[in-house]
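The values are calculated or read from the model by the stated rules, or taken from the named source; none is laboratory data. Model, not experiment: these values are computed from the prediction. Virtual Cβ from ideal backbone geometry, glycine too; neighbours counted across all protein chains shown.
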Amino acid sequence: MEPQEKTVDIGRLHCHTCARQLENRVAAVEGVERAEVDLLSGEVRLAYDPGRIAPEELQEAVAAISGQVSHPQEEEGRLEGALTLAAGALLATGGLSHLVGDLPLGTWTLSSLLFGLGAAAGGLPVGRRALSELRRRLLGIDLLVTIAIAGALALGEAFEAGSLAFLFGVAECLEDRAAGKARRSLRSLLDRAPKRATVLRDGRELVLPVEAISPGEVILVRPGETIGLDGVVVRGRGSVSEAAITGEATPVLKEEGALVYAGTLNEDGALEIRVSRPAGDSTLARIARLVEEAQRDKAPVQRLVDRFARFYTPAVVGAAALVAVLPPLLGLPPRAWLLRALTLLVIACPCALAISTPATMVSALVASARRGILVKGGAALEAAAKVRHLALDKTGTLTTGELRARPVPLDGVPPEEVVRTAAALERGSEHPIARAIRELAEGEDSLPEVKDFQALPGLGVRGRIGDEEYLVGRPELFSDLPKEAEELLADGASLVLVGKPDRPFGAIVLSDQLRPEARGALGLLKGLGVRPVLLTGDREAAARAVAEALGIEEVHAELLPEEKVEWVKRLKSRGGVAMVGDGINDAPALAAADVGIAMGTIGTDVAIEAGDVALMRDDLSGVPELISLGRRSLAVIRGNVAVALTLKLLVAALSFAGYASLALAVLIG
């Protein structure tokens, strides 16, 4: 039976060691094929065989295993916060009492009693979770800290115990805030769309939840309101800010026939919009879904931290046990070495590493989505940070793709015949060149019927009109070229030829405009150390002209799709490679690159799914933004990991020398 997937909520959880052990135990349940705990979302994602375990049984098994390992929910969280504050107050009062002169209370002093009460208050919630871990044979940070608090109290180090309990509570709150911020940033993507919209039914205006409005119905959006569902404008005219989707703040004029998207703001003019998608399938909802899926895709640096953590905790706990046992056997003072062992226990769990890495990645993924850059996972973001070469297509990437076509008759054939033949063969294509040719045919009589149509990848198309075979495409398709065609090619003109297999009888000369932002974007990329490379199927002379205008030094022209893939592979041997294309025609090259970037994908399902990154706005400036964001994120993660490991090693060394306190250990851990 085909495995099925299920997600189970296990509450807030950010002890990395517990998460890994919980993951292993859930994976060991009969019928479970894969289990993955997400620290940020507090969920475990499962792949299971429904023939061996029912969904209800699976839910119960996960609940039984997770138990109280997860961190408390909001109400209990507030109680823990209050206990942490109480511990801090008791610690401060005890410190003041110690400074002004302690009041003796039998074998205790007032300050030590206050420190002990602070340890009890701050350690109570930690101890509850530690008991739960102990019952389930889990070795987590709560159990390690509880042992350290109890050990310090037993050794008469009440201040150390109280400091540890208070600072650990503060650290827990800070980690919760970091994880919560990442979770909220993810949810905020969906919050941009309103929950209710005004629908026109039977001549009445009804305000309903967006989920209750079906495709085909008409909604009314007044000036200043946010559009609730994707659709097409059927009446009205207004300026709409699409910043929620594309990251572009400049409003776009929308009138009858224009596409609009949920989460975008109607700045002026009332719009009546025919809904095209249900609320759960809007462009914004799909972006949020893809970002949520992307944060589950761990970057290589995250996987490295996970692998390290599996060995780190057992190794440090083992070292702590040796520190507690061996020195006293050698005649050294047991009390001092027990304190040092307790200090090692506190730094044995890599919680800071566990939470900082995914939190940084999620924040980066959400930040990029808000700018109209949809990154499909941490691995893609890390790969973008390592890009050293950027392969670019020409038409529609460096140029606007809004081609202008002009017919040039050859051999005395009327230009109308050239246009009719070319438009008929290109009738079903969505390529920019085909659209430009069809626009030429507007106002012509109905186009002739084409039989035996065949696409020739990278070359053109072939088909029969009547009893004759015709070709539209590159000069290589034809066995003989007229002198006029050769002259056009020598002048660097971009063109397609139209004719019969032996000889063309016409040409369609194409002109395109460079993107206004292309030069600036390529300049920023060069500043980042990224070398642009032009890979195009266009003629050498036309490609060189564009490259010279934009300052691109490396050009490879007249390439077939498979040759583009080969060049991408060659570039990969020189370092990281990103490929920018339209997401459809360049799909093989996008897949071959380390990072495939599809441009101008707003509202197009196929293009959003293509490549590793989708630029929702039709703008090359998103590419340097992506690379900069990837490099900053990777630098933050590497910095976090390096600092955390350095400090942990430093505290470990200081604890052996007797210079590290429990309070210092919890601050570092």
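Among residues of the stretch 621-636 that are within 15 Å of residue 373 (Cα to Cα), those with a beta-carbon under 7 Å from a residue that is of a type in the set (Asp, Glu) and buried (at least 18 other Cβ atoms within 10 Å of the Cβ) at least six positions away or on a different chain give the pairs 630/382. If only residues of the stretch 482-502 that are among the aliphatic types (A, V, I, L, M) and in contact with a strand residue (DSSP E or B) (Cβ under 7 Å, 6 or more places away or on another chain) are counted, the one that is surrounded by the most Cβ atoms within 10 Å (Cβ to Cβ) is 498. If a residue has to be of a type outside the set (Gly, Ala, Ser) and either surrounded by 19 or more Cβ atoms within 10 Å (Cβ to Cβ) or touching an Asp or Glu at 6+ places or on another chain (Cβ under 8 Å) (or both) to count, how many in the stretch 107-116 make the cut? Adding up the residues that qualify gives 4. Would you point out the residue of the stretch 475-499, among those that are part of a helix (DSSP H, G or I) and in contact (Cβ under 8 Å) with a residue 60 or more places away in the chain, that is farthest from residue 410 (Cα to Cα)? The extreme case among them is 488. The criterion of at least 1 residues that are assigned by TED's automatic domain parsing to the domain that holds residue 538 and modelled with pLDDT of 90 or more is met, among helices (runs of 4 or more DSSP H) falling completely within the stretch 561-633, by 561-572. Within the stretch 373-397, restricting attention to residues that are farther than 16 Å from residue 530 by Cα and hydrophobic (A, V, I, L, M, F, W, C), the residue that is surrounded by the most Cβ atoms within 10 Å (Cβ to Cβ) is 375. Within the stretch 205-229, being more than 21 Å from residue 267 (Cα to Cα) and either hydrophobic (A, V, I, L, M, F, W, C) or assigned to a strand (DSSP E or B) (or both) holds for 206, 208, 209, 212, 213. So which residues in the stretch 231-260 are touching a Gly at 6+ places or on another chain (Cβ under 7 Å) and touching a residue at least 40 places away in the same chain (Cβ under 8 Å)? If the condition is that a residue be touching a Gly at 6+ places or on another chain (Cβ under 7 Å) and touching a residue at least 40 places away in the same chain (Cβ under 8 Å), then 232, 233, 244, 245, 246, 247, 248, 259 are the ones that fit. In summary, residue 35 fulfils each of the numbered conditions (1) surrounded by fewer than 21 Cβ atoms within 10 Å (Cβ to Cβ); (2) at pLDDT 80 or above; (3) outside any helix (DSSP H, G or I) with the single exception of condition (1).
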